[in-house]
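The values are calculated or read from the model by the stated rules, or taken from the named source; none is laboratory data. The model shown is predicted, which means the values in this text are computed figures rather than measured ones. Cβ placement follows ideal geometry from the backbone for every residue including glycine, while neighbour counts extend to all protein chains displayed.
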Amino acid sequence: MTRLSTLDQLAQGVRRPGYDPAAHGPGIVHIGLGAFHKAHQALYTDDALAAAGGDWRITGVSLRSLEPAAELTPQNGLFTLIERGVEGSTARIIGAIDRALSLSTDRRAVLDALCDPATRIVSLTVTEKGYGIDRATGGIDRTHPAIAADLADPDDPQGVAGLLVWALRQRRQAGTPPFTVLCCDNLPENGTLVRSLLVDFARQTAPDLADHIASDVAFPSTMVDRITPARTEATLALAREMTGVEDHGAIECESFRQWVIEDHFPSGRPAWEAGGAVFVEDVRPFENMKLRMLNGAHSMLAYAGFLAGHRYVRDVMGDLALAALVRRHLAAAAATLPPLPGVDLQAYAGDLAARFANPHLGHETYQIAMDGTEKMPQRIFAAACDALDRAQPLEPFAFATAAWMRYTLGRDEAGQAYDLRDPRSALLTPLPDEPVTPEGLHDRLAAFPDLVPTRLTEAPGWRDAVIARLTVMLDRGMRAAIEADASR
Ligand code: CS2
């Protein structure tokens, strides 16, 4: 079968870009060329180019992986996006990616793209752990490998902070206006967070640049949403079937998508509203809604579901008791949020449960379970703190916390070991001969620096509520713990 590389090879009926990709130059460098970027920002950019044109194609960069560039370069950046709704699937070809680069093999080209005056936006999806942010101070985490390497040699940058500060310095020296930095990771106030990271990194390495970054560079915050499972062989087979060509870069995702962005782009931006993006003054209420409801329920169901033997999120939703806990969690998280004009939180919760149940998505609980120490604070603990302040029930959050704590043991109920895939995994896993008790496990993790807020750990009833659930999980198993909470 022919490999995808031009638009004229496609089977009839396959939706293709509504513009000629070759007629548009690059305007965005995107760091973190993974499935989520391809399913989200690349698609919105595709719609923007079709509706309003402009030189806004994307130079996609992977910091470590060689795969995205190897997949997309022979295809001229083209790839198939399969959108899988409950009702059925559609395939469309995305033409927004101009070039795919890997920092390790295309270093010069990446640095040149960051300095190019044509680059007006640098967007990022490097996951929560990719930045090297010290969450307690908002500054750099010196123990983060990329931060440590870039502090030692700021002229040969490897990580996000190092690369962006280096590029902003080159641009300033050359009299090129700075690019806008658009963080698209699931972090609260993501723009503000990345600004404080870069300002702190600049203070250590190029002090005269710190004020320039703080006052002249825009960091709009944004809320991004689209469930995108890791790609499998079945994805590639489906793409072949739907398009009639071989596509090594195909990915699949749900049909739902949402993007809420603060409209602060001094050097312009694509007409992302053409794809349905919404521009607002303050994105925080939308971020909190999504982080606490969608992502909070996701983390809870990932830990509990994985240990209860559910491979996929859709299987969790077919488990009556656990699905009831998902709905309970969504309601508890919604109750911590101030009213949001135009948004019905109850309807949002109902839509989330339906999205989780999508029978066509193979979204693995194990995929969501990764990086728990990076995710729990904004998804579970922040909501629990607000529930505490409002004297609302803490049980749903205690259950989610206990499920995560149980998961950190790195062994399932059959004694099978699994990799925690968490940047702090070496510290999380108990020593092999350390006896595991609910109290011991709770107290050890609760004492972790900058993880569970002390306001929570010291709150009357919190420790007991977590330990009561951990006790059932350890003595009688996750199934019993799910049933116990569901029947309360
Ligand atoms: C998930 C998210 O893996 C995870 O932690 O909760 O990737 C989630 O699927 C997306 O945020 C949906 O927009």
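Annotations
- Applying the condition of being within 13 Å of the ligand (Cβ to nearest atom) and of a type in the set (S, T, N, Q) to the range 326-382 and asking which residue is surrounded by the fewest Cβ atoms within 10 Å (Cβ to Cβ) yields Gln367.
- Pairs, first assigned by TED's automatic domain parsing to the domain that holds Gly175 and within 16 Å of the ligand (Cβ to nearest atom) in the range 216-243, second of a type outside the set (A, V, I, L, M) and assigned to a helix (DSSP H, G or I), C-beta under 6 Å, six or more apart: Ser221/Asn190; Ser221/Gly191; Met223/Phe286; Met223/Glu287; Met223/Lys290; Asp225/Lys290; Thr228/Phe36; Ala230/Gln367
- Against the test of being among the aliphatic types (A, V, I, L, M) and crowded, with 16+ Cβ neighbours inside 10 Å, the options Leu388, Leu427, Leu431 yield a single qualifying residue, Leu388.
- Residue check for Arg292: within 14 Å of the ligand (Cβ to nearest atom) and touching a residue at least 60 places away in the same chain (Cβ under 8 Å): yes
- The residues of the range 138-178 that are modelled with pLDDT of 95 or more, part of a loop (DSSP other than H, G, I, E, B) and within 28 Å of the chain's Cα centre (by Cα), listed by number, are Gly139, Asp141, Arg142, Thr143, His144, Pro154, Asp156, Pro157, Gln158, Gly159, Pro178.
- Residue satisfying all of: in the range 383-397; in contact with an Asp or Glu (Cβ under 9 Å, 6 or more places away or on another chain) and assigned to a helix (DSSP H, G or I); nearest to the ligand (Cβ to nearest atom) among these: Pro396
- Yes/no for His310 being in the same structural domain as Glu374 (by TED's automatic domain parsing) and either without any contact (Cβ under 8 Å) to a residue 60 or more places away in the chain or of a type in the set (Asp, Glu) (or both): yes
- Yes/no for Asp185 being touching a Ser or Thr at 6+ places or on another chain (Cβ under 9 Å), of a type in the set (D, E, K, R) and assigned to a loop (DSSP other than H, G, I, E, B): yes
- Test result for Val283, surrounded by fewer than 17 Cβ atoms within 10 Å (Cβ to Cβ), out of contact with any helix residue (DSSP H, G or I) (no Cβ under 7 Å at 6 or more places or on another chain) and of a type in the set (Val, Ile, Thr): no
- Note on the range 77-133: residues that are modelled with pLDDT of 95 or more and in a loop (DSSP other than H, G, I, E, B) amount to 19.
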